[in-house]
Amino acid sequence: MKKLRLLLVCLFIIGLITAPTMFGANTGDFQSAGSGNWGTLATWQTWNGTSWVAATSIPDSNITTGLLVTVLSGHNVTVAATIGVSNVTINSGGTVTVTAPAVLYITKSGMTVNGSLIIGGNAPTATPYTVTVTSGVLTVGGTGTVYYDQGAAATATKGALPNATWQTGSTLQVDSTGGATAASFGAGGGQNFYNLIWNVTNSSANFGLSLYTNTIGGNVSVLKTGTGRLQFFGSNPGTLKILGNLIVSGAANVTSQGSSTANINDTIFVYGKVNVSTTGNFSVARGSQGGATGGTSTSIWNFLGDSVKIIAATMQNSDTGSSVAKFVFKKSGTQYLSISTTTASGNAFPIEVDAGTTVSLASPVNVTTLYLNGGIINSSASNPLIMGWWTGTTLTSGTISPTAPGSSTSYVNGPMAYLVAAAGSTTKTYAIGKGGAYRPVKLSLNQSAATLSTYTAEMFSAAPPSYTLPGTLSSVSSVRYYKISETAGGSAFTAGSVLLNYDTDDLVNNAAVLRVAKDDGSGNWVDLGGSGSADNTGTITSATAFTTLSNNYFVLAKSERVLTLKALIEALYVAGGTAMPITPDVTVELHNATSPYTLVESQTGTLSTAGVGTFSFATAVNGTNYYIVVKSMNTVEIWSATAVSFTGGALSYDFTTALNKAYTDGSADPMSLHGGKYCIYSGDLNQDGFVSGDD
């Protein structure tokens with residue numbers, strides 16, 4: 001019994017496989033008997049209620065409503081003479097080929113393509129076109145492909161695509177667009193396709209697809225464009241969404257549009273990957289839309305997929321004037337970008353990085369205009385961001401858009417480079433940062449010749465190498481440092497200066513002592529001078545030009561000498577017993593140790609009740625001797641007994657421990673002793689250096 005059941009199941013399955021059309025067939029239905037012409041009886045069979053038998057008529061639009069016409073898998077039915085058809089299904093693996101001069105009219109219940117519909121021959125000069133949908137509907141199913149090939153058409157003849165419902169998974173493959181100079185379809189171009197394959201070899205024209213308000217549900221693959229180029233738009237504004245991948249290969253030429261009309265806004269969204277590998281031209285825009293006076297056109301590609309890879313022989317951007325043309329990276333998360341081109345023309349690679357997006361460079365990337373609109377660019381030593389493009393003879397300079405220059409959420413995290421090929425002075429701004437700290441750097445440089453050079457900068461959020469400090473500097477920042485180099489090109493660099501930014505976490509509490517330091521390549525820091533614009537947050541520009549630039553470190557530094565001073569004022573100390581009752585203000589001066597003992601620097605501060613105060617000096621130098629002078633409004637002026645020097649930016653001096661800590665010419669004691677402490681004489685009201693009746 002079990003074996004009998006198994007046999008019956010097997011026979012049932014075999015029946016499904018070998019004769020699927022038996023189930024649900026109506027008497028009078030048609031199916032293909034084999035490959036052949038549509039108009040030949042031997043091509044068809046009909047269902048007589050029991051079995052498929054040789055047809056006695058041709059299935060056309062006159063068949064009874066409700067009857068089915070099926071082209072079976074493996075069969076290719078050719079339409080060589082004009083005919084109307086209704087309620088046709090091309091099974092997966094089946095093919096219908098329409099050849100010139102025939103016209104296939106789809107009427108009544110329409111046609112469903114689950115296999116292949118080949119629209120061949122040559123395009124008629126006017127309607128009716130090769131395939132014409134009249135009262136029916138053309139549906140291209142998930143396994144269906146329409147091949148459009150009208151290569152035999154006259155030179156300027158425009159072919160036409162039939163309007164269809166393109167279901168998920170369906171494909172349109174265009175092998176010819178009609179005449180070689182046809183610039184658009186005669187009809188049917190602007191549809192919501194699913195997969196679109198462009199494989200046109202005979203075109204010499206720039207072909208506009210007119211996808212103004214359309215969605216491509218799957219992939220767009222541009223394999224060939226002839227000697228012309230494929231343009232997604234024409235002379236009207238539009239928005240195209242490509243939900244799958246954009247693939248450009250071979251020698252294809254692709255761009256958004258080629259119109260010269262002003263005030264035309266074209267936008268493309270690519271939600272999948274972008275993989276361009278062509279020996280042709282891949283461009284932002286080939287039409288100078290903004291060329292007219294007052295033009296405000298835009299040509300914008302929005303990339304939302306995981307990766308953008310562009311290898312093209314040529315990249316261009318003709319959308320100039322007041323218009324905006326750019327590639328915009330918009331994915332929430334990380335996108336990988338690589339680009340390589342042999343020739344670039346105009347503002348060929350303008351990019352924008354939007355909020356929430358991190359663009360990770362997978363190759364060196366040359367940018368002509370950079371818009372930092374909320375996102376991050378991750379670069380590396382092997383894959384830097386390079387501003388500008390060198391053609392071999394001329395330079396297209398790279399610029400940062402003033403409308404999106406960078407911020408704490410939008411910067412280049414890694415090396416950023418500029419190409420320079422001009423003699424004289426120039427200034428470049430590096431929009432660099434790390435870990436949420438945006439610290440743009442301005443490099444002003446001078447070249448002796450118009451030699452192509454590459455100048456690279458990067459910020460590091462760490463302490464710099466421990467190098468030897470000069471006498472003019474007390475310390476360098478341990479928060480961050482910068483590496484700026486002439487990394488490639490000629491040696492035309494002659495001199496430069498840098499502007500560094502700082503914020504609260506850079507701990508600049510005294511802008512007056514802030515300096516810029518640069519390493520000399522031999523383990524030493526060099527003081528480049530400068531002064532901070534404000535405490536806590538501001539900028540500093542180096543004051544001393546540097547004449548070498550090769551893998552050098554730059555860092556915020558302090559030129560600060562801290563004197564810890566102890567001195568007691570007689571009247572206050574005596575009145576207070578063991579401490580002064582108030583914290584008096586005093587002026588502390590440093591004077592040169594040799595005649596005429598000129599003033600070096602003066603600082604005013606406060607002594608504690610114990611007589612202790614700290615005073616910071618910006619111009620003093622380690623290892624140089626100075627006399628310390630203390631002044632107050634009600635005391636005699638007192639000098640240190642000897643000249644003393646700072647070591648490691650620090651110096652301590654105590655006037656209270658001995659009489660000989662203060663200078664005297666021997667005519668009188670310089671200080672008075674009270675409670676075991678030596679105090680500065682009080683009472684010199686007129687500040688003539690003596691306490692006398694004049695006071």
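The values are calculated or read from the model by the stated rules, or taken from the named source; none is laboratory data. Just so we're clear, the structure is a prediction, and the values are computed from it rather than from any experiment. Note that each Cβ is placed from the backbone with ideal geometry, even for glycine, and that neighbours are counted across all protein chains shown. Keep in mind that these areas ignore ligands, DNA and RNA; they rest on the heavy atoms of the full protein, side chains included. Shrake-Rupley method; radii C 1.70, N 1.55, O 1.52, S 1.80 Å.
Things worth noting here:
- Counting only DSSP beta bridges whose two residues both lie in the chain, roughly 40 percent are antiparallel.
- Rg and Dmax [Cα atoms of region 16-175; Å; Rg one decimal, Dmax integer]: 15.2, 53
- Rolling a 1.4 angstrom probe over the protein heavy atoms with all chains in place gives region 334-409 an accessible area of 37 Å² per residue.
- The angle between the Cα long axis of helix 2-18 and the main principal axis of the chain comes to about 90°, on a 0 to 90 degree scale.
- Residue-by-residue Karplus 3J(HN,Hα) for region 146-154, coefficients 6.51, -1.76, 1.60, Hz, glycine and proline x: 9, 9, 10, 9, 10, x, 8, 6, 4
- Cross-link table 442/483; 241/309; 326/434; 566/677; 224/309, entries beyond 22 Å C-alpha to C-alpha: 326/434
- Accessible solvent surface per residue of region 496-555, calculated while the other protein chains remain in place, 1.4 angstrom probe, Å²: 40 Å²
- Of all aspartates and glutamates in the structure, those lying under 19 Å Cα to Cα from residue 158, and not within fewer than 8 positions of it along the same chain, are 149, 175.
- The helix-only estimate of mean residue ellipticity at 222 nm for the chain, built from DSSP H runs of length n ≥ 4 each weighted as -39500 (n - 2.57), is -1000 deg cm²/dmol after division by the residue total.
- Straight-line cross-link reach from residue 661 at under 19 Å between alpha-carbon atoms covers these aspartates and glutamates, not counting any fewer than eight positions away in the same chain: 570, 589, 637, 669.
- Potential lengthening between residue 619 and residue 478 on full extension [0.36 nm per residue; Cα-Cα distance subtracted]: 48.6 nm
- Cα centroid separation, region 312-355 to region 634-651 (Å): 63 Å
- Calculated on the Cα set of region 216-372, radius of gyration then Dmax: 14.3, 40 Å.
- Modelled label positions at residue 534 and residue 296, each set 7 Å beyond Cα in the direction of Cβ, lie 3.4 nm from each other.
- When Rg/Rh (Cα atoms, Kirkwood Rh) is computed from the coordinates, the matching label among [x] 1.30; [y] 1.08; [z] 1.16 is [x].
- Per residue, the accessible area of region 561-636 comes to 43 Å² when a 1.4 Å probe rolls over the protein heavy atoms.
- Bridge type composition, region 292-405 - antiparallel percent by DSSP, nearest 5: 10 percent
- Of all accessible heavy-atom area on the chain, the percent that carbon and sulfur account for (1.4 Å): 53 percent
- Antiparallel bridges, percent of DSSP beta bridges restricted to region 104-226 (to nearest 5): 5 percent
- Protection proxy ranking, peptides 142-152, 27-37, average beta carbon neighbours within 10 Å, highest first: 142-152, 27-37
- Summary of packing: across the peptides 651-661, 375-385, the per-residue average of other C-beta atoms within 10 Å ranks them, highest first, as 375-385, 651-661.
- With Cα atoms defining each centre, region 568-611 and region 467-536 are spaced 34 Å apart in the structure.
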